[in-house]
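*Asks:* Let me begin by handing over the structure; questions about it come next.
The values are calculated or read from the model by the stated rules, or taken from the named source; none is laboratory data. Computed from a predicted structure; not experimentally measured. All Cβ positions, glycine included, derive from the backbone under ideal geometry; neighbour counts span all protein chains shown. Heads up: the accessible areas ignore ligands, DNA and RNA and are worked out on the full protein's heavy atoms, side chains in. Shrake-Rupley method; radii C 1.70, N 1.55, O 1.52, S 1.80 Å.
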Amino acid sequence: MKILILLMLSLLASACSQQDVYNSAAVSKRSYSKSAIATTALSDDGKLTAVINGNGVCLWQNNQQSILPKCLPADHAQHIEIAYISNNNQFLYLSNRVSVKQYTLDNLDNLEIVGEWQVADNIINDMSVSKNGQLLLLGFRSGKASIIDTKANKVTTFQKHRLDINAVSLSENGQIAFTGSSDKVAQLWNTSTGKTLFEFSHASRVNHVDISSDGLVGFSIDAVKERKFWNLQTGQLIAELDTYLKFMEVNDSVFSADKQLFLTGSPRQVLQLWRVADGALLAQWQSVMENGRASVLSVAMNDGDSETIKDAKTIKFINASNSDGILELWHFPVY
């Protein structure tokens, strides 16, 4: 086991070729559904999973294997296509693309609706939430974006793009938004004023964006070949993903707390760990498939303790929830 740790440390400390990609088997697997699911959300710390299917909305406590999930009836799951858990684990957001409902998680035995919003004549493509759950960012097919102050019940809408907004991401404090659009632009902007801070042009439509918790590093990927890390203080390119893939899709992603690593989950059962500084692929894992093609829908990455790798004081773990209704967990040493 010490050899494994030394190998991983060496891998993460040096440049990585396409042949040097680390991989390992999942250390645990848990099934949440006997049928395929379309929508799921993982909390930022990997402790909670929201699973939405025809049976209803169920919230699972991932570190409590013996505890059954807390569920809402099937009518709460009707037409739900987007789900999000606030980073403080206090709120669950569900959207049918027309409206968004906010549920409090203070009492898991009583998942209560505490807010609902709809912006007239706008279809929601994506949403993101500030850490405390107060600010909600919605991106619309109209190219508009709304910032909703859930405590003040205030909605502010900006026309940010010429075409559909396909993806949105919000900084932890809710002050900085990053949006990607079919107009081939990823845009960084201030949520209070709507002022654009930087625009990043792409060769084709921007399908996915992500922003680090402090709003200093961003990632954007278009429909063809551009997959870029950005310095959001200067607007300069940091690196592009080092991959030979002609086409690449990302369903979900997350930056490590120190902004040095970036985890992606794809529709093709694959999770990949990238180094931000040079875009090198460091590790890759395959999500299990039981009922069909298991698209990775949600990912989480955090610090934690491990009993599976000895002599390692601090262990990173990643969780992934897929469309087969399965949650998996992997461990690996911190570099």
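*Asks:* Can you name the residue in the range 232-244 that is on the phi < 0 side of the Ramachandran plot and not in a strand (DSSP E or B) and, of all such residues, is most open to solvent (accessible area, probe 1.4 Å)?
*Replies:* Result: Y244.
*Asks:* If you scan the range 85-117, which residues turn out to be assigned to a loop (DSSP other than H, G, I, E, B), of a type in the set (A, V, I, L, M, F, W, C) and at pLDDT 95 or above?
*Replies:* Selection gives V98 alone.
*Asks:* Look through the range 237-271, keep the residues that are modelled with pLDDT of 95 or more and polar (S, T, N, Q), and return whichever of them is nearest to A25 (Cα to Cα).
*Replies:* Result: T264.
*Asks:* Kindly evaluate N122 against the criterion of being polar (S, T, N, Q), at pLDDT 90 or above, part of a loop (DSSP other than H, G, I, E, B) and within 20 Å of L42 (Cβ to Cβ).
*Replies:* It is false that N122 is polar (S, T, N, Q), at pLDDT 90 or above, part of a loop (DSSP other than H, G, I, E, B) and within 20 Å of L42 (Cβ to Cβ).
*Asks:* Counting residues that are at pLDDT 90 or above and surrounded by 19 or more Cβ atoms within 10 Å (Cβ to Cβ), which strands (runs of 3 or more DSSP E) fully inside the range 1-84 reach at least 3?
*Replies:* By residue number, 39-42, 48-53, 56-61.
*Asks:* Can you name every residue in the range 204-226 that is aliphatic (A, V, I, L, M), touching a Lys or Arg at 6+ places or on another chain (Cβ under 7 Å) and part of a loop (DSSP other than H, G, I, E, B)?
*Replies:* Across the range 204-226, the qualifying residues are L216, A223.
The rows are residues; the columns are (1) modelled with pLDDT of 90 or more; (2) in a strand (DSSP E or B); (3) among the basic types (K, R).
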site: W274; (1), (2), (3): yes, yes, no
site: Q284; (1), (2), (3): yes, yes, no
site: M289; (1), (2), (3): no, no, no
site: A294; (1), (2), (3): no, no, no
site: E307; (1), (2), (3): no, no, no
site: K310; (1), (2), (3): no, no, yes
site: F317; (1), (2), (3): no, yes, no
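*Asks:* Restricting to the range 146-176, what's the tally of residues that are touching a residue at least 40 places away in the same chain (Cβ under 8 Å), small (G, A, S) and either open to solvent by 10 Å² or more (accessible area, probe 1.4 Å) or part of a strand (DSSP E or B) (or both)?
*Replies:* Here the count works out to 2.
*Asks:* Right, something else. Go through F229, F247 for me and flag whichever is part of a strand (DSSP E or B) and either out of contact with any Pro (no Cβ under 8 Å at 6 or more places or on another chain) or surrounded by fewer than 23 Cβ atoms within 10 Å (Cβ to Cβ) (or both).
*Replies:* The conditions single out F229.
*Asks:* Among S192, S213, S204, S220, which is the only one that is open to solvent by 10 Å² or more (accessible area, probe 1.4 Å), among the small types (G, A, S) and under 16 Å from the mean Cα position of the chain (by Cα)?
*Replies:* S213
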